Structures are given as structure tokens and as C-alpha cells.
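Accompanying notes for the structure given below.
Each value in this text was obtained by applying a stated rule to the coordinates, not by laboratory testing. Note that the structure is a prediction, hence the values are computed from the model and not measured. Positions of Cβ are backbone-derived with ideal geometry, glycine not excepted, and every protein chain shown enters the neighbour counts.
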Amino acid sequence: MRFKNFTLLFLLGIFGMFSSNLHAQQDASINPADIRYWIGEGSNEVMFIVNWAEPDTALAWGFRFSEETITVKEMMAQIDAADYRFTMDATDTYVSNLTFDDGYYQLNGSEYGFWMYNVNGEMAWEYYDTQIVRNGDYVKWGDTECGTIIDPENWVYVWEKEVVAVYPLAEDATIAPEEILYWVGEGPNEVVFIVNWAEPNIALAWGYRFSEESVLVKDVMDAIKEADGRFDYGAGAGMVDEIKFIAGDQIYALAGMWWMYVVNGQMAWYGYDEQTVVNGDYIKFGDESCATDLGHWNYVWETPVWPVSVNTSVNESASSLAMFPNPATSYTQLDARNWNANAVVTVSDLQGRILGSYTLSGNNEPVMIETSNYEAGVYFVTVSDATRCQTLKLVVK
């Protein structure tokens, strides 16, 4: 609906026939190439824009569909269902309010404004439940309080505020529970705990099992800290101010200004000591200096997640593996004579990408690892079998 008042709608329909020829309505829009968040599937595309009055802000989504036409109502309902931040308050024939709330930014219609809408820069002739749109159209809803009235007599408005593409819901990199190597706790319920450090840019994951219906994020972190001596964190006033992982001479620690965290890809609503998680959830802490800023304090960490190996004792680490030369240029040799036959050796970079894979033969011969094609930098050589897993740092010149 363009107006909540039927009388205004009727008058607008009468006078709109004349006003459309009198005014070149330059309603602010956006190029489809600039849309960041597309909803739906199909070869046809429509842009959906809303201009709010308080504050004066215009945001845009993209909508894809396969049918020849679709009603404005069907499009808006699918956007409402896909994006939890956007809410449409409406009846079958008219819209009473449109809101956007991502936890940091709240947009509502003004108290005394009407919602009106354009299709391709001209006032729509049908209610939103019967108005159809086609490939290439754009639909623009606007609160009259933030519109410019270009024909007061005929109630013709345009919204000139620059349109900004809505940032997509965070698709934060995660890992499947079956890939987790290090589980802490007992019970039928499981959550995955991930930390993404900036220097180097690497993400590591643990698993936590529990019997209760829900647990606090703090409970998960405390259990991992107690079980894995390589992991430690500090906090104050309900906020985590440091997370560390120390493996040999490799230390991962905060490089940016603060830690931020998400639960299931969305920014957590509560501090770590109040936020609860349930079976199937994943928790992700990330150093903001290695994150992609999606706007309005929403960040996403895209680095592939690497499962933490089961911790090994210092004595075992000192005696079970050796690698020479290290630093290496064209090759290095891995001595894994105390490991079982068929143990797997992998070489990975700081982003967790597997660059090479080998299998131990069991004849005590060293494993030759070619490094001539590797760029200079730091890599990880990991050996794992059914009972243990150990990682060495490899430097390539």
C-alpha cells in the first residue's frame, strides 16, 4: 500500500495520471552491480529499497526469482523471512510499518508519517499485494516524513537520500563437528568453539560436550582452558580482553584493539559470561584486525578453520619428531621413527590450506618433503595417527 488512508490512496490515483507527466521523478536508486545481499534464486532481478525517516537512511536488498512476474508482497515476505533484521508489519492489503534492527542500528517509520511506494520512480498504482514487478524493476518504499514533496496539491513525493546496499548476514567461516579432533567435557550435546587470530591469520577449533540443556560461553572457555594447557584467556567486566594459544615457540595473541564474537554467524547479544549456547551451536571469537567489516559493528572472519590437535606432553614432543634442515630451501626431512606405520603427514600454510600429504611407511626412513615450490614463510607439518597428533613449525627461505 502507498498510504494507510484509503481516501488519500484514491485521490493519489486520480491526480497521479496528471502528475506523472508534470514531474520527472528522480527517485534515488542503486545499480544492481552495487547490491551486496541477494535473496531468492532465479534469472530475474528486482531491487528493493526502503527510506526511513529517523534517521534519514535508505537501504537496498536484491531479490531474484524465476517466474515472469512476482507481487511486491511476495517479494517483501521473502526478504522478511530471509533477513532477521528486516520486519514488515502489514495486513493483506497495506503496510503499517517497516523496521530494520541489527542490534546496533534501529530504523523505524516516523510517528506521523505514511508509507508510500514507487515502482521504477513512479507512484505504484496497485496495493502491494496485487502490484506486480518484472526483471529489472526497482521498488522503493519511503516514509513521507523524509520525502521531498514535488507536487503538494497531488501528494507526489520523491526520496532523494543516497541508497546504501545492505550488508549481507555474516557467513562466518566454521567447521563441522565431525572434523573436530580435540573434545572437552562429556554429554550428548555439542558446541564448537573457534578463535581467529590475526598474527598469523589462523583460526583454530575445539569441541565441547555437555549434558545440560544450555551452557554459558564462559563455561565452554573455562573447560577448554583447564583441559588444554596451550589455551588461555583473560577477561574483565564481562568482556574478553585476551585469548592466547601457545604451541612450542609459536604464540597466537591479540593483535588488534579488541576481541569480538559471534554465535552461529551472528553477533552475540550478551557478554561471554551471560551468553548461553545449546546443542549444535558454534562460538567464534575473532581479532577484529583480521576481520571483514560488514558495517554497523558487524564483522566476519573468513579464514578457514583448522581443528586443534590433541595436546601432547613436552617429553613426547621432544623425542618423537625431528625435522632437518629447518629453515629449508628446496627440501626438508622429517624423522618420525617413533610413530606407527600409516600415520599421516600433512603440510599446511598459515591459512590452514593443505599443501602436501604423505603416509609413513613404518621402515624408519625419513620423509622427504619438497619445499622448492613453496613461497618463503612459515608452514606447519602435522603428524597424526589413531592415538596422537603433533605439529612442528617449518620455515622456508
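Sequence-ordered 3J(HN,Hα) estimates for region 90-96 from the Karplus curve with 6.51, -1.76 and 1.60 and θ = phi - 60° stand at 7, 9, 5, 10, 9, 9, 9 Hz, glycine and proline given as x. Here the Gaussian network model covers the chain, with springs between Cα atoms less than 10 Å apart; of Trp259, Trp197, Trp155, Trp155 fluctuates the most. Taking the alpha-carbon distance from Lys393 and a cut-off under 13 Å, which aspartates and glutamates remain once sequence neighbours fewer than 8 residues away in the same chain are dropped? Reachable aspartates and glutamates: Asp249, Asp349.
A simple charge model with +1 on the Cβ of Lys and Arg, -1 on the Cβ of Asp and Glu and nothing else charged puts the dipole of region 6-165 at about 220 debye relative to its Cα centre. Identify which of Asn338, Asn120, Asn108 has the largest mean-square fluctuation in a Gaussian network model of the chain, with springs joining Cα atoms closer than 10 Å. In this elastic network of the chain, the residue with the biggest mean-square fluctuation among Asn338, Asn120, Asn108 is Asn338. Here Lys397 and His296 are evaluated by their C-beta separation; at R0 = 41 Å the FRET efficiency comes out at 0.40. Could you tell me which residue out of Val133, Val263, Ala328 lies farthest along the dipole of the chain toward its positive end? Charges go on the beta carbon: Lys and Arg +1, Asp and Glu -1, centred on the Cα centre. Going by the Cα projections, it comes out as Ala328. Short-range pairs are left out: with C-alpha atoms under 8 Å and at least six residues apart, the relative contact order of the chain is 13 percent. Treating cross-link reach as a plain straight distance, find the lysines whose alpha-carbon is under 22 Å from the alpha-carbon of Lys284, omitting any fewer than eight places away in the same chain. Correct list for Lys284: Lys218, Lys225, Lys244.
So which aspartates and glutamates can Lys73 reach, going by Cα to Cα under 18 Å and dropping same-chain residues fewer than 8 places off? Candidates past the 8-residue exclusion: Glu41, Glu45, Asp83, Asp89, Asp92, Glu122, Glu126, Asp129, Asp137, Asp143. For Ser96 and Asp273, the difference between the fully extended length at 0.36 nm per residue and the C-alpha to C-alpha distance is 59.9 nm.
Taking other C-beta atoms within 10 angstrom as a stand-in for reagent exposure, Thr303, Thr71 fall in the order Thr71, Thr303, fewest first.
Order of Tyr379, Tyr208, Tyr37 from fewest to most other C-beta atoms within 10 Å?
Ascending Cβ contact count within 10 Å gives the list Tyr37, Tyr379, Tyr208.
Sorted ascending by nearby beta carbons within 10 Å, beginning with the fewest, Val308, Val262, Val278 become Val278, Val262, Val308. Along region 367-379 the Karplus relation, 6.51 cos²θ - 1.76 cosθ + 1.60 evaluated at θ = phi - 60°, assigns HN-Hα couplings of 8, 7, 10, 6, 10, 5, 8, 7, 6, 4, x, 9, 9 Hz to successive residues, with x for each Gly and Pro.
Farthest towards the positive end of the charge dipole of region 201-326, among the residues Val278, Ala223, Asn201, is the Cα of Asn201, using unit charges on the Cβ of Lys, Arg, Asp and Glu.
Backbone amide hydrogens, once placed in the peptide plane, bring Asn97 within less than 5 Å of Asp89, excluding anything fewer than 5 places away on its chain. Rounded to the nearest 0.05, the FRET efficiency derived from the C-beta distance between Ser214 and Ile150 at R0 = 45 Å is 0.25. Treating each Cα of the chain as one equal point scatterer and applying the Debye formula with no solvent, the log10 of I(q)/I(0) at q = 0.07, 0.11, 0.15 Å⁻¹ comes out as -0.49, -0.87, -1.21.
Using r as the Cβ-Cβ distance of Glu111 and Glu160, and R0 as 30 Å, what FRET efficiency do you calculate, to the nearest 0.05? Mind showing how you got there, number by number?
Numbers: r = 22 Å, r/R0 = 0.73.
Efficiency computed from Cβ-Cβ geometry: 0.85.
Karplus-based coupling profile of region 61-66, in residue order and whole Hz: 10, x, 10, 10, 8, 9, with θ = phi - 60° in 6.51 cos²θ - 1.76 cosθ + 1.60 and x standing for Gly or Pro.
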